[in-house]
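J.: Attaching a single structure in structure tokens format; questions to follow.
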Amino acid sequence: MTMNRRSFVKRAGLGLAGLGAFSASSLKPGTAFADMKHLRSNRQLKILILGGTAFLGPAIVRYARSLGHELTLFTRGKTNVDLFPDIEMLTGDRDGDLEALKGRRWDVCIDTCGYVPRIVTDSARLLAKSVGQYIFISTISVFADFSKKGLNEESEVGVLEDASTEEITGLTYGPLKALCEQAAEREMPGHTTVVRPGLIVGPMDRSDRFTYWPVRIAKGGEVLTPDRPDIVTQFIDVDDLAMFIVHCAERNILGIYNATSPAEEVTMGEIFNTCKTVSGSDAEFTYVSGKFMEEYEVAPWSDMPVYVPLEGSDAGHPYIDVSKALGQGLTFRPISETIRNTLGWWRNEPAERRGKPMKSGLTSEKESELLKKWHDKFD
Ligand SMILES: NC(=O)c1ccc[n+]([C@@H]2O[C@H](COP(=O)([O-])OP(=O)(O)OC[C@H]3O[C@@H](n4cnc5c(N)ncnc54)[C@H](OP(=O)(O)O)[C@@H]3O)[C@@H](O)[C@H]2O)c1
């Protein structure tokens, strides 16, 4: 089975954005919330979040609140409604019902849930006169060609085959986000910030993509892992991303920023070994070949989360250039901290959720079956 980026995208579905890449040791160590304070302005901001209650939103809320900013969240009232009882919640639907936003003023709007340009246009147009800065959370999936290394903010973005579509699929997600970026800038020219994260990881991630590895490796025993532990990857801790977004608000940083870990810093093997060290497990890794994975339909990215063989149209995947964001203060915690935080959160999830198969990775039955086949063939 040959997997190119399009097929990854199809398999991965939405939020696929960061087929990203990264190495614990070279990341700036120990960046806790407080550590960015030397970069802060003293302005206390009124911040509106369109969204705010699923994954990235809560991390932004926690960080902004810890710095004393005043927050308002606008949602449909469906997701984690009781998460922030101390924060103002406005209810509406950004697709057609923005009434609750009328007649109000904020310093900054952070848009975490824009996927369709028409809908982003509506909210940015309505808010153009009542917010000073519009921060749109986009994705690195906007890029047209991942065969190239070193994609930067000037690199070409994908284009929809059907320009009128609003259907979000693995293939339309990136080009639609690119149109959303343009819509925000068109409605608020010179007042827009676009943040393009790679794969976002950490507590509250509903996709189980990165989470699969800490959880599986913590269980111990023989773990099926893709070969090439030296292969690099990129991703961003949700709290590092939240800090950068709030920093952009505080400093009124405008323009487009790729936001994932620096290229060529983290390998898959380093993720596996750090998961083992952090959890203190007895895991043993069995690295199976790409040929075996292909033969038994073990798909990179979905069955082997975070892992992308760097070939063909994916050759440039974990080489996204983040120098522009680094220059504006994007920082990273060590991956051991990300893994510890992810495990800590997972262990506090309801037993019912933890008992269900994870949304990414292999089930234990499938993994055992594959390991047996591997040993039958090669031992
Ligand atoms: N996950 C990744 O790896 C990744 C990678 C790259 C980029 N990204 C981008 O990062 C962002 C992260 O999203 P998130 O889900 O974590 O953000 P979030 O702000 O934590 O959650 C999404 C919020 O949007 C609200 N919402 C959804 N539809 C709405 C509507 N029609 N009207 C009003 N509110 C609505 C939801 O609440 P209700 O349901 O109550 O309305 C929820 O509060 C996305 O823009 C995604 O494209 C993600």
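The values are calculated or read from the model by the stated rules, or taken from the named source; none is laboratory data. Only a predicted model underlies this, so the values are computations on that prediction, with no experimental measurement involved. All Cβ positions, glycine included, derive from the backbone under ideal geometry; neighbour counts span all protein chains shown.
J.: Only residues that are within 16 Å of PRO318 (Cβ to Cβ), assigned to a loop (DSSP other than H, G, I, E, B) and not acidic (Asp, Glu): list them for the stretch 140-157, please.
T.: Selection gives PHE146, SER147, LYS148, LYS149, GLY150, LEU151, ASN152, SER155.
J.: Name the residue, out of SER323, SER289, SER302, SER313, that is buried (at least 17 other Cβ atoms within 10 Å of the Cβ), in contact (Cβ under 8 Å) with a residue 40 or more places away in the chain and polar (S, T, N, Q).
T.: Residue meeting the stated conditions: SER302.
J.: Taking the conditions exactly as written (at negative phi, assigned to a loop (DSSP other than H, G, I, E, B) and either away from the ligand (no atom under 12 Å from the Cβ) or at pLDDT 95 or above (or both)), does ARG65 satisfy them or not?
T.: For ARG65, the condition - at negative phi, assigned to a loop (DSSP other than H, G, I, E, B) and either away from the ligand (no atom under 12 Å from the Cβ) or at pLDDT 95 or above (or both) - is not met.
J.: Could you list, in sequence order, all residues of the stretch 43-61 that are away from the ligand (no atom under 11 Å from the Cβ) and in contact with a helix residue (DSSP H, G or I) (Cβ under 9 Å, 6 or more places away or on another chain)?
T.: The answer is ARG43, LEU45, ILE47, LEU48.
J.: Could you check, for the stretch 253-268, whether at least one of its residues is buried (at least 22 other Cβ atoms within 10 Å of the Cβ) and either without any contact (Cβ under 8 Å) to a residue 60 or more places away in the chain or of a type in the set (Lys, Arg) (or both)?
T.: yes
J.: In addition: What's the number of the condition ILE87 fails, among (1) in contact with a Ser or Thr (Cβ under 6 Å, 6 or more places away or on another chain); (2) more than 9 Å from the ligand (Cβ to nearest atom)?
T.: Status for ILE87: all satisfied but (1).
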